[in-house]
Amino acid sequence: MADIWIMRTGHRPERDKRVTTHVALSSRALGAKGIYVDTEDPVLEQNIRSVVDRFGGDFTIQTGVKWKSVVKDFPGKVVHLTMYGQRVDEALPKIPRDEDIMIIVGAEKVPPDVYQRADFNVSVGNQPHSEISALAIFLDRFTGGEALYADRHGRMTVIPNERGKTVVDLSK
């Protein structure tokens, strides 16, 4: 499978810090290669890099990018997650797996340019819900769940179990 990139538009650090953090964490956990955020946010970058440092993987984050340039110059297919797009189950078979994709996830009202630039405007349900859930559902279906328990070779790992919390520090 080719690389998956996320473009987070409309991020407002004072208002969206938790949501954008969860967009980034979900992206990483569900197989994306990295995330671009249109507003500079060094705290967000530090937090995500800290998770990557501890739990592994080669996920990258870059904030303060000009979304139009990043999306315009992206060589693969662009997928925009929106309530107003084509149903996810109808769109998924059309999205190539052998070509990089960029998924656009908006924080506030998305400019019309996004709808026009997107190769696929995809709806994950027809009821109001969060962009985190839309992204998670899309990535899980797109990757067939492959990333959920992938070993990212970090210095820490979580061992799933029915009861209790097992976090193993592999650096010791």
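Details
- Given (1) outside any helix (DSSP H, G or I); (2) among the hydrophobic types (A, V, I, L, M, F, W, C); (3) open to solvent by less than 70 Å² (accessible area, probe 1.4 Å), number of the condition residue 132 does not satisfy: (1)
- Number of positions in the range 79-123 that are more than 17 Å from residue 10 (Cα to Cα) and either within 17 Å of the chain's Cα centre (by Cα) or open to solvent by less than 10 Å² (accessible area, probe 1.4 Å) (or both): 12
- When residue 93 is tested against (1) assigned to a strand (DSSP E or B); (2) out of contact with any Pro (no Cβ under 8 Å at 6 or more places or on another chain), exactly one condition is not met: (1).
Every residue, every condition in (1) in contact with a Lys or Arg (Cβ under 9 Å, 6 or more places away or on another chain); (2) under 26 Å from residue 16 (Cβ atoms); (3) touching a residue at least 24 places away in the same chain (Cβ under 8 Å), yes or no:
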position	(1), (2), (3)
103	no, yes, yes
108	yes, yes, yes
123	yes, yes, yes
141	no, yes, yes
169	yes, no, no
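- Checked against (1) under 26 Å from residue 70 (Cβ atoms); (2) at pLDDT below 95; (3) among the small types (Gly, Ala, Ser), residue 118 passes all but a single condition, namely (2).
- Filter pass, residue 148 being open to solvent by 60 Å² or more (accessible area, probe 1.4 Å) and over 14 Å from residue 32 (Cα atoms): no
- Selection over the range 1-28 of residues that are in a helix (DSSP H, G or I), modelled with pLDDT under 95 and either surrounded by 23 or more Cβ atoms within 10 Å (Cβ to Cβ) or of a type in the set (Gly, Ala, Ser) (or both) gives a count of 1.
- In the range 32-78, the residue that is farthest from the chain's Cα centre (by Cα) out of those that are under 16 Å from residue 116 (Cβ atoms) and open to solvent by less than 20 Å² (accessible area, probe 1.4 Å) is 71.
- None of 123, 133 is farther than 16 Å from residue 32 by Cβ and among the polar types (S, T, N, Q) except 123.
The values are calculated or read from the model by the stated rules, or taken from the named source; none is laboratory data. These figures come from a predicted structure and were not determined experimentally. A quick note on method: Cβ atoms are made from the backbone with ideal geometry, for glycine too, and the neighbour counts reach across all protein chains shown. Areas reflect the complete protein model, heavy atoms only, side chains present, ligands, DNA and RNA absent. Shrake-Rupley method; radii C 1.70, N 1.55, O 1.52, S 1.80 Å.
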